[in-house]
Amino acid sequence: MKPRKPVRRQRSNPAGRKITFEIESMDTMGQGVAHIDGKPCFIAKTLPGETGTATIFRASKGVQFARLETLEQLAENRVEPACEHFEHCPGCHFLHTDYQSELTYKTDALAGHLKRLDRALPSVEVHSAEQRLHYRNRVQLHYRHKYIGMLDPVADTVLPVPGCQIVDEQLKPVMDALYQQPEWTEQHSGKGHCEIYLTGDGVSTAWDSPYAHGGFTQVNGAMNEVLRNTVLAQFGDRDSSKLLDLFSGEGNLSELIVERQPAIDRVMVDFAPERVKEQTLSFLHLDLFSETALRTFRARSPHSKFDVLLVDPPRKGFPALHEWVKALKPEKLIYVSCNAATLVRDLQLLGSQCSIEHISLIDLFPGTYHYETLVTVTFP
């Protein structure tokens with residue numbers, strides 16, 4: 001007899017399955033976590049202690065993601081969202097709870113990331129926002145045909161948000177016009193995006209351009225000042241010092257340092273094609289993610305060593321940080337990050353000889369799961 005071929009059982013696709021849940025905790029992205037069939041299931045717009053029903057829309061690698069359908073038991077810290085779009089909008093994550101709870105969830109999320117450093121750490125200094133709504137001075141809206149608003153990646157649709165409560169009041173007239181006078185559809189068909197942002201000259205609008213093409217600025221002006229002053233405090237009193245500002249932009253984070261201590265010798269480095277023709281010793285145009293970035297910098301830098309290294313990379317972090325520290329031998333590193341996961345990864349590569357002296361959580365993005373972390377590291 002010929003051996004029988006093994007019968008392969010087709011794996012069932014759980015997408016579309018209705019489930020009942022009980023939320024046990026919050027994850028680092030502002031989603032409630034339940035366990036369904038022994039697997040973690042992430043459900044946005046829920047809070048610990050809540051029960052209800054949801055529909056699974058994706059499952060992969062032992063985890064599941066579901067969209068909330070109904071709530072049966074509500075958490076004590078649930079509040080009525082201040083925005084009419086919150087239940088369906090992917091832009092905000094915490095408007096269904098009070099602000100103190102939001103800060104607690106963010107602090108817990110940061111603590112979860114910091115545990116990976118496996119060392120004694122200072123307590124986290126939390127800088128809360130005075131204004132939870134109407135703070136965002138830059139907003140990107142997606143359009144598809146005649147619809148414009150926030151892009152829902154789950155449903156792959158655009159959600160109109162004419163009543164958005166997170167944008168700065170100065171942006172509202174321009175945003176309102178997009179909904180009330182949709183002449184924009186005559187010039188912009190198909191799909192793309194529109195960016196509305198505040199400048200020193202007023203409100204500007206850009207269509208289908210790279211994000212922050214007019215120059216990157218923090219979206220929360222008030223909390224940006226808190227961040228700048230925290231950097232200033234961590235820099236300390238140094239009569240004269242060499243400061244290297246990586247991913248500097250126009251020097252937003254180091255500007256106050258130079259204003260207070262003009263003797264500071266600051267060198268700024270960033271990728272800025274529009275500044276290539278500028279011949280200044282204080283700014284170097286350089287792609288810091290290039291494999292030859294450090295070698296190129298050392299060939300062009302006016303200094304071989306720096307006392308303080310200030311780093312503010314994008315969300316993917318700066319994996320080469322340890323190489324720059326080894327080459328430039330700073331006494332202090334001030335690392336500002338919008339992604340605690342990549343921040344911790346980069347700090348791990350520095351080794352155990354350095355000391356972490358200070359950690360701040362600065363809430364530049366209230367209502368969302370995002371926040372800025374500032375870590376000060378000293379070297380022997």
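The values are calculated or read from the model by the stated rules, or taken from the named source; none is laboratory data. Owing to the predicted nature of the structure, the values given are computational and were not obtained by experimental measurement. Here the Cβ positions follow ideal geometry from the backbone for every residue, glycine too, while neighbour counts run over all protein chains shown. Heavy atoms of the whole protein, side chains included, go into the accessibility calculation; ligands, DNA and RNA do not. Shrake-Rupley method; radii C 1.70, N 1.55, O 1.52, S 1.80 Å.
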Checklist line | Scope segment 69-104; condition without any contact (Cβ under 8 Å) to a residue 24 or more places away in the chain and within 20 Å of the chain's Cα centre (by Cα); matching residues | finding: GLN100, THR104
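How many residues are open to solvent by less than 10 Å² (accessible area, probe 1.4 Å) and of a type outside the set (Asp, Glu) if we restrict to segment 341-353? Outline the logic, then answer.
Kept after step one, since they are open to solvent by less than 10 Å² (accessible area, probe 1.4 Å), are these residues of segment 341-353: 343-344, 346-347.
Retained after the next criterion (residues that are of a type outside the set (Asp, Glu)): 343-344, 347.
Number of matching residues: 3.
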Item checked: Looking only at segment 32-51, and only at residues there that are outside any strand (DSSP E or B) and in contact with a Ser or Thr (Cβ under 9 Å, 6 or more places away or on another chain), the one that is farthest from THR70 (Cα to Cα) -> PRO48
Check: On the given criteria, is GLN31 of a type outside the set (A, V, I, L, M), open to solvent by less than 70 Å² (accessible area, probe 1.4 Å), modelled with pLDDT of 95 or more and touching a strand residue (DSSP E or B) at 6+ places or on another chain (Cβ under 9 Å)?
Finding: yes
Notebook entry, point to check: Which pairs have Cβ atoms under 6 Å, sit 6 or more apart or on different chains, and link a residue in segment 290-313 that is within 28 Å of ALA233 (Cα to Cα) to one that is basic (Lys, Arg)?
Noted result: HIS303/LYS242; LYS305/LYS329; PHE306/LYS242; ASP307/LYS242; VAL308/LYS332
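Being open to solvent by 60 Å² or more (accessible area, probe 1.4 Å), more than 30 Å from ILE166 (Cα to Cα) and among the hydroxyl-bearing types (Ser, Thr, Tyr) narrows it down to one residue among SER241, SER282, SER304, SER290; which is it?
Details: SER241 fails: open to solvent by 60 Å² or more (accessible area, probe 1.4 Å); SER282 fails: open to solvent by 60 Å² or more (accessible area, probe 1.4 Å); SER290 fails: open to solvent by 60 Å² or more (accessible area, probe 1.4 Å).
Criteria check complete, one pass: SER304.
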Note to self: Scan segment 342-351 and tell me whether some residue there is modelled with pLDDT of 95 or more, polar (S, T, N, Q) and over 28 Å from ALA212 (Cβ atoms).
What the structure shows: yes
